[in-house]
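Input: a single structure, listed below in structure tokens.
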Amino acid sequence: MAGSHVYWISTALLCLLYIASAILYIIRRDWVRRTFAELGYPGYLVTVRPC
């Protein structure tokens, strides 16, 4: 039973991490693009089409 709780809690935390990063990509796209460039990643990794 405890293993099941650990599984669902860790799954929920991972989902929250994915949602937070997606919101960050959408809202602060320029900051994310600059940060990726500073880390040496190519710019095409941060391509999000505006709605």
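With respect to (1) loosely packed, with under 11 Cβ neighbours inside 10 Å; (2) outside any helix (DSSP H, G or I), the lone exception for Tyr41 is condition (1). Of all residues in the stretch 28-38, those satisfying the criterion of being assigned to a helix (DSSP H, G or I) and either surrounded by 10 or more Cβ atoms within 10 Å (Cβ to Cβ) or hydroxyl-bearing (Ser, Thr, Tyr) (or both) are Arg29, Trp31, Val32, Arg33, Arg34, Thr35, Phe36, Ala37.
Read-outs: derived from the displayed coordinates by stated rules, not from any lab. Not measured: the values here are computed from a predicted model. Here the Cβ is made from the backbone with ideal geometry for all residues, glycine too, and neighbour counts use every protein chain on show.
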